[in-house]
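Chemist: This is the structure, below, for whatever I ask next.
Here, each number is a calculation from the coordinates, and none is a lab measurement. It should be emphasised that the depicted structure is a prediction, and the values quoted were computed from it without experimental measurement. We place every Cβ from the backbone using ideal geometry, glycine too, and count neighbours over all the protein chains shown.
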Amino acid sequence: MSLTHPLVSIIVPSFNQASFLAATLDSLLSQDYPCLETLLIDGGSTDGSLDIIRGYASRLTRWVSEPDAGQADAINKGLKMANGEIVAWLNSDDLYLPGAVSEAVQALQANPDVGMVYADGILIDEDDWVLDWHRYRQYGLLDLLCLDVLLQPTVFIRRRMLDRVGLLRSDYRLILDHELWIRIAAQGKLLHIAQYWAVERTHPEAKTIAAAAEFADEARRLIAEAEASPDLAPAMASDAGRIHAGLECFAGRRLIDAGRYGQALRHFARAARHAPGSTLRYWYKILQAGMGAIGLEGVFLWYRRARRRVQHGQTRLNIADGTLRLDRVEEA
C-alpha cells in the first residue's frame, strides 16, 4: 500500500456458482492495479466450486468456505476481514472489465469529497451473449429513493464511508445493495464515471430472475422505512409523487421479469397517477407489459432482439482465454 496506490479490498461472495466462478476470478485477478486484497467467501458450496477455489488459492489473499446466513452475511463477513481503504464486492457470476479497479481508484483520488463511485456496465446471459449496455447518469439521494438502480459490480466505496453508515442489512435479501446506496447518499456524495467497469450476468438462477416478484415487496418496505426515518423523511416529503411513482415502476419492471404482465400494468397505472412524466420514462417496459398481457410477449421479444441487433450487433463476451474481449458476430 502507498499514498498513490491505496489498498483496495474486493470480496467475492459465492455459493454453488461453479459454472461462472473461474471467469469471475480471472477478471478480478487480471486487474492491473498493484495493491489488491482479494477475499473469497464461499457459503459451503457442494457443486465443485471448492475444487475451483483451491486452484486459485495461492492467488487469493484469503478464502473461507462455511455455511452462512445468506448474501448479506457473506459480504459482511468479507468486509469485516478487509483491510482496504477502498472496498467493493463482485458476485461470483459477474465480471470486472480490464482496468476497472485502477479507474475507480483514480476517480476517488481525484474527488476526495466523494464517498462512493459507480460506472456503466454490460448485461450478458449465461452463454456470454451481450443483452444490453447499461449507461447511467449522475444520481443523488432522490434518484435512489425513486428506485433508480445502479449496476452493483461497478460500485466502489471508501471504507471510512462504510464505517460511518454501517454494513449491509441482513433483513434485506434482494435490494440489500440499493438500501446501502441510500444510506451512503444520505451521508455523502456519489459520483458517476462514464466508463464501462463491469459485466453483470443474468441467468435463470440469478436472484433478479428467480425472485423477481419479491423485489417489489422489499422496495415497498424500504420506502416505508424511509418515510419514517428522521434522516430521510425530508427528502421523501420533497418529492413524494415522484418517489411513489418510482416505487410503482420498479414493481412493474420486476413483475415483468416474473411474467406477471397484468399486475405490472396495474403498477404502471398507479405510477402514472403519482407522476405521469416520470412514468413515461419507462414506456418501453409498459409496452412489454401490455403486449405480454394480451399474449404477444413473443412478438415483443422478437422486436427487442431486432432492436438490439440494430443498436449493438450480435456481440459476445470472449472470456475463454482468461481475458475479456467483445467479439462482434457477423450474421450469415
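Chemist: List TYR172, TYR118, TYR284 from most exposed to least, where exposure is judged by having the fewest other Cβ atoms within 10 Å.
Modeler: Ascending number of Cβ neighbours within 10 Å: TYR284, TYR172, TYR118.
Chemist: Can you classify the stretch 106-225 as rounded, prolate or oblate using the Cα gyration tensor, where a ≥ b ≥ c are the square roots of its eigenvalues, rounded means a/c under 1.5, and otherwise it's prolate if a/b beats b/c and oblate if not?
Modeler: In terms of gyration-tensor shape, oblate.
Chemist: In whole Å and largest first, what semi-axes does the C-alpha gyration tensor of the stretch 211-295 yield when each eigenvalue is scaled by 5 and square-rooted?
Modeler: 25, 15, 7
Chemist: How big is the dipole moment of the stretch 211-295 about its Cα centre under a simple scheme where the beta carbon of each Lys and Arg is +1, that of each Asp and Glu is -1, and everything else is neutral? Debye, nearest 20, please.
Modeler: The dipole magnitude comes to about 420 debye.
Chemist: Another one. What FRET efficiency comes out for the pair ASP125/GLU297, r = Cβ-Cβ distance, R0 = 22 Å, nearest 0.05?
Modeler: 0.80
Chemist: Related question: Name the most mobile residue of ALA251, ALA226, ALA198, meaning the one with the largest mean-square fluctuation, in a Gaussian network model of the chain with Cα contacts below 10 Å.
Modeler: Among ALA251, ALA226, ALA198, the largest mean-square fluctuation in the Gaussian network model of the chain belongs to ALA226.
Chemist: Sticking with this structure for a sec: Please get the size of the charge dipole for the chain, origin at its Cα centre, with Cβ charges of +1 on Lys and Arg and -1 on Asp and Glu, quoted in debye to the nearest 20.
Modeler: 980
Chemist: Kirkwood Rh, Cα Rg: Rg to Rh for the stretch 1-156?
Modeler: On the Cα set of the stretch 1-156, Rg over Rh gives 0.96.
Chemist: Now a separate question. Return the Rg/Rh ratio of the stretch 43-100 with Cα-based radii and a Kirkwood Rh.
Modeler: 0.95
Chemist: Less than 10 Å Cβ to Cβ from VAL117, Lys/Arg counted +1 and Asp/Glu -1: what total charge do the surrounding residues give?
Modeler: Net of charged neighbours comes to +1.
Chemist: On to the next question. So how do ASP257, ASP231 line up by other beta-carbon neighbours within 10 Å, fewest first?
Modeler: Final ranking by Cβ density, sparse to dense: ASP231, ASP257.
Chemist: So what is log10(I(q)/I(0)) for the chain at q = 0.08 1/Å, when the Debye sum runs over its Cα atoms only?
Modeler: -0.38
Chemist: What length, rounded to one decimal in nm, is gained on full extension from SER238 through to THR61, with 0.36 nm per residue of separation minus their alpha-carbon distance?
Modeler: 59.2 nm
Chemist: Can you say what percent of the DSSP beta bridges in the chain, counting only those with both residues inside, are antiparallel? Round to 5.
Modeler: Once the DSSP bridges in the chain are tallied, antiparallel ones form about 40 percent.
Chemist: Compare the peptides 236-245, 263-272, 7-16 by average per-residue count of other Cβ atoms within 10 angstrom and give them in order, highest first.
Modeler: 7-16, 263-272, 236-245
Chemist: Apply the Karplus curve 6.51 cos²θ - 1.76 cosθ + 1.60, θ = phi - 60°, to the phi angles in the stretch 125-139 and return the couplings in whole Hz, x for Gly and Pro.
Modeler: Couplings: 9, 5, 9, 6, 6, 6, 9, 6, 10, 9, 9, 10, 10, 6, 9 Hz.
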